[in-house]
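The values are calculated or read from the model by the stated rules, or taken from the named source; none is laboratory data. This one's a predicted model, so the numbers in the text were calculated from it and none came from an experiment. Cβ placement follows ideal geometry from the backbone for every residue including glycine, while neighbour counts extend to all protein chains displayed.
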Ligand SMILES: Nc1ncnc2c1ncn2[C@@H]1O[C@H](COP(=O)(O)OP(=O)(O)OP(=O)(O)O)[C@@H](O)[C@H]1O
Ligand SMILES: [Mg+2]
């Protein structure tokens, strides 16, 4: 079983608004509303890919009730802790004429200490039957930024593989707890290592820099694929790693909201069934790309993912050890 944790679950509303302009009144030509928050999106994609997944986290108020009911309607197993304050609604406006998208995320509920304790108890209970736990998204107010780091430690004690997709302090502190996998996008990775990446070489070095902070496997997504550093079996069991560059010609997106979540679900799904590293990366990039062809985060069509697989190029890149450490 794969667990996804969403502490900032939301109802994600996506509106298609042609010629979206600030300060004007608009009419949406298309709209969807579905449970979201990064962990929920990952769970939706994992379910579409046929992997066993349960979504947990906290949800509150009438919006929280909707999140849970709609997840159940989608037949996504879920077990959330109910909290007193109201869960968020996040709105994305996609302009089909320009392809631009604008996101507005509400501030989200304040989570009380006792509510968070209930969640931790629930997670530790669920983890007894799990192989992987994905911590995804930002943290709501009232939650200690160390939470992911602490829970990663608990998961590792139980022999559960940990995956983190977050940003800012939550990601920085989580990385130090040596999670199995992190998957920042390029911007989040720049913030994590504290400098910008000017070129391809910088990006290749960046995944090694992130790995030095603690994570074992580093996936840095970009709109054209990803750069990754994955451990490999060196001679006489020495710890070595391989750097990969994975690319796919861009598709015309319907909506790229949540493509990073679909990417991560793809990686986790392939890894869960024991696929070799290159296949995991290829599958992840195909899932991220395919999800851009649908409205709604984490929505993807597994048959179309299969069709895209041969178009994904995976290269192993040689980086001198000295280079990797700079
Ligand atoms: N237009 C596109 N065509 C093909 N693939 C795309 C496109 N946009 C994104 N992707 C794929 O989706 C994956 C994730 O992309 P990106 O780095 O934009 O994620 P992200 O910023 O984390 O997104 P989010 O957090 O909104 O889910 C990448 O592997 C990329 O290849
Ligand atoms: Mg992302």
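Annotations for the structure displayed:
- Failed item, numbered, when residue 54 is tested on (1) within 16 Å of ligand 2 (Cβ to nearest atom); (2) surrounded by fewer than 21 Cβ atoms within 10 Å (Cβ to Cβ): (1)
- Scanning segment 42-65 for residues that are in a strand (DSSP E or B) and closer than 15 Å to residue 267 by Cβ turns up just one, 53.
- In segment 215-228, residue nearest to residue 186 (Cα to Cα) [restricted to those that are assigned to a strand (DSSP E or B) and more than 7 Å from ligand 1 (Cβ to nearest atom)]: 220
- The condition of being surrounded by 19 or more Cβ atoms within 10 Å (Cβ to Cβ), touching a helix residue (DSSP H, G or I) at 6+ places or on another chain (Cβ under 7 Å) and under 21 Å from residue 101 (Cα atoms) holds for only one of 266, 225, that being 225.
- Residues being out of contact with any helix residue (DSSP H, G or I) (no Cβ under 9 Å at 6 or more places or on another chain) and within 13 Å of ligand 2 (Cβ to nearest atom) - total across segment 179-198: 1
- Of all residues in segment 269-284, those satisfying the criterion of being crowded, with 24+ Cβ neighbours inside 10 Å and either more than 13 Å from residue 230 (Cβ to Cβ) or at pLDDT below 95 (or both) are 269, 283.
- The condition (being in contact with a helix residue (DSSP H, G or I) (Cβ under 8 Å, 6 or more places away or on another chain) and on the phi > 0 side of the Ramachandran plot) is satisfied by just one residue among 159, 168: 168.
Okay, residues lined up against (1) within 24 Å of residue 277 (Cα to Cα); (2) within 14 Å of ligand 1 (Cβ to nearest atom); (3) touching a strand residue (DSSP E or B) at 6+ places or on another chain (Cβ under 6 Å):
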{"site": "154", "(1), (2), (3)": "no, no, no"}
{"site": "168", "(1), (2), (3)": "no, yes, no"}
{"site": "172", "(1), (2), (3)": "no, no, no"}
{"site": "185", "(1), (2), (3)": "yes, yes, yes"}
{"site": "195", "(1), (2), (3)": "no, no, no"}
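- Matching residues, segment 68-93, being part of a helix (DSSP H, G or I) and within 22 Å of residue 125 (Cα to Cα): 68, 71, 72
- Restricting attention to segment 238-271, the residues that are closer than 20 Å to residue 180 by Cβ and either within 12 Å of ligand 2 (Cβ to nearest atom) or assigned to a strand (DSSP E or B) (or both) total 13.
- Per the listing 250, 231, the residue uniquely touching a residue at least 12 places away in the same chain (Cβ under 8 Å), away from ligand 1 (no atom under 12 Å from the Cβ) and surrounded by fewer than 20 Cβ atoms within 10 Å (Cβ to Cβ) is 231.
- Candidate set: segment 100-119, residues that are free of Cβ contacts under 8 Å to residues at least 40 places away in the same chain and in contact with a strand residue (DSSP E or B) (Cβ under 9 Å, 6 or more places away or on another chain); chosen: the one nearest to residue 160 (Cα to Cα): 118
- For residue 212: the one exception among (1) in a helix (DSSP H, G or I); (2) more than 18 Å from the chain's Cα centre (by Cα); (3) over 28 Å from residue 159 (Cβ atoms): (3)
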